[in-house]
C-alpha cells in the first residue's frame, strides 16, 4: 500500500491475484487497506508531481529526512512515505507488535490520533489490520472520498488532516488524471501552510487550471487529536468546513 505504485503481481495456481481471490478474511483486510490507498490519492498524486517537478523520492529511507540523526542511518526496515508518513512493515507471520524507531519529532499514531515524542524506540502494536503507522507533526494530509476506482467521483470534499506540533507545508496538485498535457502546464496547485505558533492554516491562492477542474470545492478541516481524525474512515465531525474557490483564506481551530 505504501509504495509509489500499488500493483498486485505474482503466480498462483488459480491464475488469479485480485484482492477478492484470497478468501473472505483476506479480502476484508486487503479491501480495508485498498480503501485507505484510494482515500490518500490526493496526497499520493501530489507526491507523484513532486517526483516529476522536483526529483523528489516518495519512498524515503529515514536518513533522507532526518540527516542529523545518526541512528536513522542504521534503520533498514522502516521508511518515510512522502513527508508525512513513517511506515513500519511487518514481515513476520503471527506477531502482534514490532520495535519501531521514532526519529526526533512529535509523532501521531495514524490509527488512534494519540501523540508521542521522539527520538525513542517503542514497541508498536501490529495487529494484522493495523500496520504500525505514524504521522509527523506539521504534516498536512489531504484525503479524498472513498471510491472504487480513481476517477469514479471528484476529489470533493477533501478532508485536510492537520497534525499539530510543528510548522508544515504541502502543495496539493491536480490535473486531468491522464495524458501528457501537464507537461504543457495544464494543471493546478494549491499551497497549504500550517503555522503552529499562530495555530493557523492558510489555504493559498490556486495557480493554474485544467479542463474539468472544480472551480469551487469543500475542504473539511480536521485538527487531529486522540480519537479525532484517526484511521481510514472520514471524520464525521470535522472541525471546520471551508468552501474554496481559488482565493487565499486562513482559518484557525
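Laboratory data are not the source of any read-out in this text; all were calculated from the coordinates shown. For clarity, every value in this text was computed on a predicted model and none was experimentally measured. Positions of Cβ are backbone-derived with ideal geometry, glycine not excepted, and every protein chain shown enters the neighbour counts.
Quick notes on this structure:
- Ranking of 120, 12, 164 by neighbouring Cβ atoms within 10 Å, starting from the fewest: 12, 120, 164.
- Sorted by Cβ neighbour density within 10 Å, fewest at the top, the residues 224, 90, 100, 95: 95, 90, 100, 224
- Kirkwood-based shape ratio for segment 149-205, expressed as Rg/Rh from alpha carbons: 1.07
- Long-range tail of P(r) for segment 113-169 (Cα pairs > 15 Å, %): 64
- Dimensionless Rg ratio for the chain, taking C-alpha atoms and the 2.2 N^0.38 Å reference: 1.03
- Rel. contact order, % - alpha carbon contacts under 8 angstrom, at least six apart, the chain: 16
- With R₀ fixed at 25 Å, the C-beta to C-beta distance from residue 54 to residue 1 puts the FRET efficiency at about 0.60.
- As a ratio to 2.2 N^0.38 Å, the alpha-carbon radius of gyration for segment 152-253 is 1.14.
- Exposure proxy ranking, count of Cβ atoms within 10 Å, fewest first, for 250, 32: 250, 32
- Between residue 209 and residue 150, the FRET efficiency from the beta-carbon distance, with R0 = 22 Å, is close to 0.60.
- Equivalent ellipsoid of segment 86-210: semi-axes from √(5λ) of the C-alpha gyration tensor, largest first, are 32, 21, 12 Å.
- For the peptides 187-198, 127-138, the ranking by packing is 127-138, 187-198, with the highest mean count of neighbouring Cβ atoms within 10 Å listed first.
- In this simple spin-label model, placing a label point 7 Å from the Cα along the Cα-to-Cβ direction at both residue 116 and residue 196 gives a separation of 1.8 nm.
- The helix-only estimate of mean residue ellipticity at 222 nm for the chain, built from DSSP H runs of length n ≥ 4 each weighted as -39500 (n - 2.57), is -4000 deg cm²/dmol after division by the residue total.
- Dimensionless Rg ratio for segment 1-115, taking C-alpha atoms and the 2.2 N^0.38 Å reference: 1.22
- Taking a point 7 Å out from the Cα of residue 166 in the direction of its Cβ, the residues of segment 83-99 whose backbone N falls within less than 17 Å of it are 83-88.
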